[in-house]
Amino acid sequence: MNSQPNGTTPILCAHLLRMVDQKLVDLLGSLVRSQWDLQTVAPLWKVRDVAAHVLDTALRKLSMVRDSCYVETVTIRSPQDVVALVNRLNAEGVTVYRRLSPPILTEMMKSACEQSARFHESLDPFAPATFNVSWAGEEKSLNWFDTARELTERWHHQQQIRLATNRPGIMTPDLYHPVLDCFVRGLPYVYRDVDTPVGTALLLEISGECGGQWFLSRGTTRWDFVSPPAKAVASRVTIPQALAWRVFTKGIVRVSARRQIAVDRNRHLGQKVLDLIAIVA
């Protein structure tokens, strides 16, 4: 068992992609036709749209990163440019793949998932990734973080389908905890402009067997994850595990989220956690 504090060690999870993807393929194969048109917590997407998006992003990444196939030149000058590009590509992909019948989309998903899993398993986790994890404020990322980000994408989109179709979620420690740990890695970037005395500490606790505790402390130049501090934390935030993924992926409005989390002591400092969005678009 890893004895290091949460948030401080690489998330080596390439082997988990196969497990999450197999659950997705099984889930899609079990849906009746009417369920493909159910609304999800993503306002613009029904179940078929979410499935189309997962297929599109898997194929798109294989094409660009594995096969070095780029069909257009894009100039990125700001974070807003990244968001605009991702939104456009997502919309284009969904427009195409949502037209597929459920059997065809599911069969294509099997192939895409197998190739994607094999590709991520082949990567050196400590080599530079092709794409940085922008929502964590990184200009350069290592493959392990990009692969963990991929796990969060495939986990939370499948969770959207499960929620819409009233299926049990994938709430197991082996699959959900790494997702939460990856999401939370964006907190130092969220708190980058919060000016407090050096040593000020915050505790984020995600309650439930899949959660854990993350201690964030203000250093001399930035916030970072640390071991539990000897002195009392300035703020303690508790989020139920069933809610956490929705908070970090824009799956619930902030007003509703605030009513379901607990913030002790410095509320202004603690509620900043709700500003963490661990997706690009």
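How long are the semi-axes of the equivalent ellipsoid of segment 155-207, defined as square roots of 5 times the Cα gyration tensor eigenvalues? Whole Å, largest first. Working shown, then result.
On the way: eigenvalues 195, 28, 16 Å².
Semi-axis lengths for segment 155-207 are 31, 12, 9 Å.
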Cubic angstrom per residue, convex hull over Cα atoms of segment 1-49: 130
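With Cβ to Cβ distances under 12 Å as the rule, what net charge do the other residues near Ala244 carry (K, R +1; D, E -1)?
Working: positive: Arg246; negative: Asp181, Glu205.
After counting each charged neighbour, the total is -1.
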Rg/Rh for the chain, where both radii come from Cα atoms and Rh is the Kirkwood radius: 0.96
Sum of -39500 (n - 2.57) over DSSP H runs of 4+, divided by residues of the chain (222 nm, nearest 500): -14000 deg cm²/dmol
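Leaving out ligands and nucleic acids, and using a 1.4 Å probe, what accessible area per residue does segment 63-206 come to in Å²? It would help to have the intermediate numbers written out before the result.
Working: 6970 Å² over 144 residues.
On a per-residue basis, 48 Å².
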For segment 245-252, Karplus couplings with θ = phi - 60° (6.51, -1.76, 1.60), whole Hz, Gly/Pro x: 5, 6, 4, 8, 10, 6, x, 7
Pairs of lysines in the chain (C-alpha under 20 Å apart; 8 or more residues apart or interchain): 6
Carbon plus sulfur fraction of accessible area for the chain, probe 1.4 Å, in percent: 54
Gain on full stretching of the segment that runs from Asp37 to Glu92 - 0.36 nm per residue minus C-alpha separation: 17.9 nm
log10 of Debye I(q)/I(0), alpha-carbon scatterers only, for segment 79-222 at 0.14, 0.17, 0.20, 0.21 Å⁻¹: -0.91, -1.27, -1.49, -1.52
Normalised convex hull volume, segment 38-136, alpha-carbon set, Å³ per residue: 130
Peptides ranked, highest mean first, by Cβ atoms within 10 Å: ranges 139-146, 83-90, 66-73, 50-57: 50-57, 139-146, 83-90, 66-73
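The values are calculated or read from the model by the stated rules, or taken from the named source; none is laboratory data. Everything numeric here is computed off the predicted structure, so don't read it as measured data. Methodologically, a virtual Cβ is constructed for each residue, glycine included, from the backbone with ideal geometry; neighbour enumeration extends over all protein chains shown. These area figures cover heavy atoms from the full protein model, side chains too; ligands, DNA and RNA do not enter into them. Shrake-Rupley method; radii C 1.70, N 1.55, O 1.52, S 1.80 Å.
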